[in-house]
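A short write-up of the structure that comes next.
Every number in this text was worked out from the coordinates using simple rules, so none of it is lab data. Because the structure is predicted, anything quoted here is derived from the model rather than measured. Counting neighbours? That spans all protein chains shown, and the Cβs are built from the backbone with ideal geometry, glycine included.
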Amino acid sequence: MTTRADATGRHRKRGNRLGFWFFKATIRLFGLRGAYGLVHLVCLHYLFFDRQSVEATMAYIRRRFPGRGYMARILGVYRILVNQGKSLVDRYYLISGLGTFEYEVQGYDEIKRILKDSDKGLVLLTAHVGNWQVTMNSLGRLDNTVRLLMRPEDNAAVKETLDVYPHGDKVKTISTASFMGGMIECAKALDNGELVSIMGDRIYGADWTTARILGAEARFPHAAFTLAAATERPVVVVLSGKISTKKYSVDLSHIIRTRYTSRKDRQKDIEKWVQEYATILEEYSGEYPYQWYLFHDIWAGAERQAPPPGHGGDGS
Amino acid sequence: MTQDKEQGLAEVREKIKKLLVEELALEDWTVETIADDEILFGQGLELDSLDAVEIVVLLQRHFKVDIPDNEMGREIFYSVDTLARHVHKNLNPGDS
């Protein structure tokens, strides 16, 4: 269902086509609630045997709820795993055409205005809070093609699900597996008026910057900001939360404007933008504390000296 | 190589040097001090990946020329000269 990094930083595949087929069949037979029931069982397996996933989630729970005892934390981890499973079920529910979700969208008009004022696109900075895939569906009304910067080779089944989004060919991917981490294609897409979506809470390479979140320094990828600064386009933070079985809240109201103050201060500028994002993420995930799923411990290794932006990593 | 092509290439090189100095705000460099075969990354101008994205955007904006997102892109990004040759080739497709 997801991918995770092993000790060497590579991402191990989790889930497969059979698993996806099984979930789809369950949704068809038992509906959303039936599939959610199955998720509870499946997540017990992950809770006991998926050590890396539990460790990453525990790193978050420990900081989100510092006063809690061990068992309460384990329960918190389980709740997050279940919510992550539910978000996958929701995605397949949507893709299968069995039904739709209702969205409460904040900030939509401002994005529409920005796009109307220019023939260029904008950068969407997402996170694994709520359900970013379902959120992408809510952006279908904008009529702009959405390009997801991701590693489709990580999991062919995940890519297949993108190809059959309800908005057809309006959601496409850009691979990070190129000599500049997909940045060239991203720049072209923005120039063509497309929306480029980048994950803000998942690091693939060494291109990251630290920012303070939940009381400690953590690592965040900064590609969205370097791309936005180079192309002079704004970054729209895209966050979502599930508020009922068939309803999501989508927040597009946070817009980060990027412009380097000077060449020598570029690193400071990037740190400032990343911190702004981290602060937004901390506040938003506080509203949905069990809906933020982290693929890795973003706090681990953050106390080391962060590599200066522009040296190595996916973007170079 | 014809004289016209050589002259066209020299003009593109100068434009690229000017863009690099002005748009990337290279304080220690001028158009005159940048050699035609100056290396862009690591050595020479010592640019980094932040600059690489900016160069891609500058070439799109000023010359309507794209950089291929593959190994060929890496070769094009080697020096001022390789960059200029790529731009010149794309501006004059029949002149290669």
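Brief remarks on what is shown
- When the helices of chain B are scored as -39500 (n - 2.57) per DSSP H run of n ≥ 4 and the total is divided over every residue, the value at 222 nm lands at -18000 deg cm²/dmol.
- Among the residues of A:181-188, the average count of other protein chain beta-carbon atoms within 10 Å of the residue beta-carbon is 6.
- Residue-span extension gain [A:R51 to A:D117] - 0.36 nm each, minus C-alpha spacing: 18.9 nm
- Spin-label model, A:R79 to A:Q106: label points 7 Å out along the Cα-to-beta-carbon direction sit 2.1 nm apart.
- For A:I174, the residues 5 or more places off, or on other chains, whose built amide H falls under 5 Å of its own are A:L148, A:L149, A:M150.
- Shielding value for A:114-124 is 0, the average number of Cβ atoms from other chains within 10 Å of each residue's Cβ.
- FRET efficiency for A:H40 and B:D28, using Cβ-Cβ distance with R0 set to 51 Å, rounded to 0.05: 0.25
- The alpha-carbon of A:K242 sits under 21 angstrom from the alpha-carbons of these lysines, leaving out residues fewer than 8 places away in its chain: A:K24, A:K86.
- Trypsin sites (Lys or Arg not before Pro) lying in DSSP loop within segment B:22-96, provided at most 14 other Cβ fall within 10 Å: B:K64
- Pairwise FRET efficiency - B:Y78 versus A:S253, Cβ, R0 = 45 Å, nearest 0.05: 0.55
- Here the Karplus curve 6.51 cos²θ - 1.76 cosθ + 1.60, taken at θ = phi - 60°, turns the phi angles of segment A:63-69 into couplings of 8, 6, 10, x, x, 7, x Hz, with x standing for Gly and Pro.
- Of all lysines in the structure, those lying under 22 Å Cα to Cα from B:K64, and not within fewer than 8 positions of it along the same chain, are A:K120, A:K188, B:K5, B:K15, B:K17, B:K18, B:K89.
- Estimated vicinal HN-Hα couplings, Hz - segment A:245-255 in sequence order (Karplus 6.51, -1.76, 1.60; Gly, Pro = x): 3, 10, 9, 10, 9, 10, 10, 10, 7, 9, 10
- Counting only DSSP beta bridges whose two residues both lie in the protein assembly as shown, roughly 45 percent are antiparallel.
- Within 10 Å of the Cβ of each residue in B:67-78, the mean number of Cβ atoms contributed by other protein chains is 3.
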